[in-house]
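FYI, it's all coordinate maths here, none of it is from the lab. Predicted model only: the values in this text are computed from it and were never measured. Neighbour counts are summed over all protein chains in view; Cβ atoms, including those assigned to glycine, are modelled from backbone coordinates with ideal geometry.
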Amino acid sequence: MLNTTDILETIKMIREDNLDVRTITMGISLFDCISDDITRLGEKIYDKITRSAKDLVRVAEDIEARYGIPIVNKRISVTPISLVGAGLTPDGFVRLAKVLQRAAGELGVNFIGGFSALVQKGATVGATNLIEAIPQALTETEIVCSSVNVASTKAGINMDAVGKMGEIIKQTAYNTRDKDSIGCAKLVVFANIPEDNPFMAGAMHGIGEPDQVINVGVSGPGVVAAAIRKAGNCSFSVLADTIKKIAFKITRVGQLVAAEAASKIGVPYGIVDLSLAPTPAAGDSVAEILENMGLERCGTHGTTAALAMLNDAVKKGGVMASSHVGGLSGAFIPVSEDRGMIDAVKAGTLSLEKLEAMTAVCSVGLDMIAIPGDTPATTISGIIADEIAIGVANTKTTAVRVIPVWGKGEGDVAEFGGLLGYAPIMPLKKESCSEFIKRGGRIPAPIHSLKN
Amino acid sequence: MRAVITVTGKDKVGIIAMTSGLCQKYSANIVDISQTVLSEYFAMIMMVNLEKLTVSFTEFSDIMKKAGEEAGVDIRVMHEDIFNAMHRI
């Protein structure tokens with residue numbers, strides 16, 4: 001018989017601490033859709049996606065009811081479209097983005113990711129054309145997400161692509177200026193992009209993945225924050241153990257849901273992504289976890305150490321709870337999607353520089369950060385280069401999702417709505433880095449001996 | 001298939017009768033039951049066998065939820081595996 005305390009603990013986690021499964025993401029390979037005729041290509045992609053994922057939403061809702069655990073998002077990731085549509089023009093790629101939108105809309109999923117290109121060492125014609133198509137594609141679709149991998153630890157940093165992405169982000173911001181440049185919230189620039197990430201906007205279905213797969217992203221910042229609050233005034237050893245135990249429990253729910261969804265849909269189970277994903281709701285904040293550890297406000301001195309410990313303990317607890325772990329797996333620190341982060345930025349405690357330092361010890365990177373609309377493209381490229389360099393040098397994934405909010409400046413607030421939240425516009429350095437960015441070429445891959 | 005029914009909220013007369021009455025109505029067999037009252041806060045846990053349930057799991061869960069709302073308590077029906085997964089290695 002189950003223990004009463006355990007049962008009530010689970011109920012409390014769901015009811016009071018916002019425990020949920022953040023996403024069930026179905027990865028679908030589109031390689032078998034390749035055709036030299038764009039109409040045929042579009043039809044085959046639409047058919048493959050709608051056929052493969054026809055039961056996704058229904059199965060997710062069934063699991064939600066059966067276990068009484070909210071499953072917030074149902075999503076799809078596909079093979080990077082630059083590979084599937086390698087021969088297309090930018091206009092052709094925009095057409096494919098609309099096909100993805102139509103297929104995802106038909107299925108009732110929340111997002112579809114994979115309008116992506118991998119250019120860490122150089123761009124093919126297809127990748128170049130897809131990148132050109134991004135601003136228009138993200139303007140004319142609503143739930144299609146795009147990502148571009150511009151660097152890897154093995155290849156170094158493609159600075160031509162970094163330079164280009166600054167311009168693409170600016171153009172996307174301008175195109176969607178009537179909605180606080182929301183197009184940029186659907187575009188991420190990566191180093192060391194994972195091939196099995198279930199989270200948006202960076203989800204894609206990598207080339208080494210099976211034909212179809214189920215990946216699950218767990219959540220639960222509120223549960224961790226509550227556990228730390230309950231642990232009270234204890235040493236770091238006890239604190240780390242507390243986080244590990246709670247992360248284990250959270251991840252076991254993800255594992256259960258992933259295995260059940262994969263079996264019901266009839267496709268392999270891929271991975272559970274052990275990420276703490278916050279939302280703008282009260283009590284669902286990663287910043288609150290750090291503050292519960294003893295920081296007056298997130299962003300003050302000690303924040304990087306607190307986050308490093310949190311991230312490590314979450315992984316240690318989660319790894320044992322799941323048979324396969326992957327994706328991004330770490331704490332997310334998006335600004336607009338986390339109320340504690342928003343408050344810390346408003347108070348002036350959390351700066352872009354501190355966020356950059358924090359990304360060296362947790363997953364993802366500079367995420368959902370609103371910057372002034374008149375920021376030069378080369379400055380955006382400079383932000384990308386800095387963040388990507390952290391990922392490349394440290395053999396980890398980092399990414400940049402910044403939103404230069406058209407027509408708004410420091411002191412204003414950008415409103416994105418829903419899970420994307422809202423964000424105060426953060427100040428940037430005024431001094432230019434354009435001569436640096438304009439050099440172009442590649443920053444060589446880092447050496448991985450002689451460590452220091 | 002076994003599920004756990006939890007009823008939490010302010011203590012009042014007839015909560016167990018109402019919940020077990022609905023179990024009988026839809027042929028959910030009560031295997032075990034326990035309850036605690038902590039300063040007017042009531043928590044009842046029922047383990048039920050749903051092999052002979054006359055409605056679907058989702059319908060049963062919705063009926064229970066609605067009955068709870070009417071009585072001013074929180075009633076949840078959840079498959080036992082979620083608790084086994086979280087609390088047993």
* **Theoretical ellipticity at 222 nm over chain A - DSSP helices of four or more residues, -39500 (n - 2.57) apiece, nearest 500** => -14000 deg cm²/dmol
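Hey, with R₀ at 56 Å, roughly what FRET efficiency would B:Glu40 and A:Ser323 work out to, going by the Cβ-Cβ distance, to 0.05? Could the numbers behind the result be given before it?
Numbers: r = 44 Å, r/R0 = 0.78.
Approximately 0.80, to the nearest 0.05.
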* Report the semi-axes of the equivalent ellipsoid for the stretch B:2-76 in whole Å, largest first, where each axis is √(5λ) for an eigenvalue λ of the Cα gyration tensor. => 21, 13, 9
* To do: Starting from the alpha-carbon convex hull of the stretch A:296-350, give the projected area averaged over all orientations, in nm².
  => 4.4 nm²
* Over the stretch A:175-267: Rg over Rh, Cα atoms, Kirkwood Rh -> 1.10
* Can you list the HN-Hα couplings for the stretch A:8-25, worked out from phi with the Karplus curve (6.51, -1.76, 1.60; θ = phi - 60°), rounded to whole Hz and with x for Gly and Pro? -> 5, 5, 4, 4, 5, 4, 6, 6, 9, 10, 6, 5, 8, 9, 6, 7, 9, 10
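Can you give the local net charge around A:Arg177? Use residues other than it whose beta-carbon is closer than 13 angstrom to its beta-carbon, Lys and Arg +1, Asp and Glu -1.
0
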* Would you mind calculating the relative contact order of chain A from Cα pairs under 8 angstrom and at least 6 residues apart, reporting the percent as a whole number? => 17 percent
* To do: Just round it to a whole percent: the fraction of Cα-Cα distances in the stretch A:25-191 exceeding 19 Å.
  => 56 percent
* Once amide H atoms are placed 1.01 Å from N in the peptide plane, what residues at a sequence separation of 5 or more from A:His324, or on another chain, have their amide H within under 5 Å of its amide H? -> A:Val272
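Report, for the stretch A:216-439, the % of DSSP beta bridges that are antiparallel, rounded to 5. All intermediate terms of the calculation are to be shown ahead of the outcome.
Working: 3 of 14 bridges.
In the stretch A:216-439, approximately 20 percent of DSSP beta bridges are antiparallel ones.
Relative to the compact globular guide of 2.2 N^0.38 Å, what is the alpha carbon radius of gyration of the stretch A:220-260, as a ratio?
1.30
Nearest-5 percent of antiparallel DSSP beta bridges in the protein assembly as shown?
The antiparallel fraction comes to roughly 55 percent.
Find the percent of Cα-Cα distances in the protein assembly as shown that exceed 45 Å, and round it to a whole number. Spell out each step's value before the answer.
Details: 24084 of 146070 pairs.
More than 45 Å apart: 16 percent of the Cα pairs in the protein assembly as shown.
Let me know the Kirkwood hydrodynamic radius for the stretch A:316-418, please, with Cα pairs as the basis and the value in Å to one decimal. Can you show the working numbers first?
On the way: mean 1/r = 0.0672 Å⁻¹.
Roughly 14.9 Å, rounded to one decimal.
For the protein assembly as shown, what is the charge dipole size about the Cα centre, in debye to the nearest 20, if Lys and Arg each add +1 at the Cβ and Asp and Glu each add -1 at the Cβ? Before the final figure, lay out each step's value.
On the way: 53 positive and 60 negative charges, 130 e Å.
Roughly 620 debye for the protein assembly as shown.
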* How many Cβ atoms of partner chains, on average, are near each residue of B:4-11 if near means within 10 Å of its Cβ? -> 2
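Stretched out fully, how many nm does the piece from A:Glu43 to A:Asn394 gain, at 0.36 nm a residue minus the Cα gap?
Details: separation 351, 0.36 × 351 = 126.36 nm, distance 4.18 nm.
Contour length minus Cα-Cα distance gives 122.2 nm.
Determine, for B:Val77, A:Val216, the number of other Cβ atoms within 10 Å of each Cβ, and report the residues in order from fewest to most.
Ordered from fewest to most neighbouring Cβ atoms within 10 Å, B:Val77, A:Val216 come out as B:Val77, A:Val216.
Using the crude model of +1 on Lys and Arg Cβ and -1 on Asp and Glu Cβ, and no other charge, please compute the dipole size for the stretch A:25-191 relative to its Cα centre, in debye to 20. If you can, show how the numbers build up before the last one.
Values: 19 positive and 18 negative charges, 53 e Å.
That gives a dipole near 260 debye.
For the stretch A:216-439, report the convex hull volume of the alpha-carbon atoms normalised per residue, in Å³, without decimals.
Details: hull volume 30.7 nm³, N = 224.
So the per-residue Cα hull volume is 137 Å³.
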* Structure fact -> Restricting to Cα pairs under 8 Å and 6 or more apart, the percent relative contact order of the stretch A:219-307 works out to 39 percent
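What ranking, highest mean first, results for peptides B:39-47, A:106-114, A:70-78 when packing means the other Cβ atoms within 10 Å averaged over each residue? Numbers along the way, then the final one.
On the way: B:39-47: 16.3, A:106-114: 21.0, A:70-78: 23.1.
Going from most to least packed, we get A:70-78, A:106-114, B:39-47.
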* **Note, ³J(HN,Hα) from phi for the stretch A:426-440, Karplus 6.51, -1.76, 1.60, rounded to Hz, x at Gly and Pro** => 8, x, 10, 5, 7, 6, 7, 10, 5, 5, 5, 5, 5, 4, x
* Determine ³J(HN,Hα), in whole Hz, for all residues of the stretch A:303-314 in sequence, where each value follows from phi through the Karplus function 6.51 cos²θ - 1.76 cosθ + 1.60 and θ = phi - 60°; x replaces Gly and Pro. => 5, 5, 5, 4, 5, 4, 5, 4, 4, 5, 5, 4
* Asked: Under the definition of Cα pairs under 8 Å and six or more residues apart, what whole-number percent is the relative contact order of the stretch A:261-395?
  -> 28 percent
* Under 5 Å between amide H atoms, partner at least 5 residues away or on a different chain: which partners does A:Ser285 have, H built in plane at 1.01 Å? -> A:Gly222
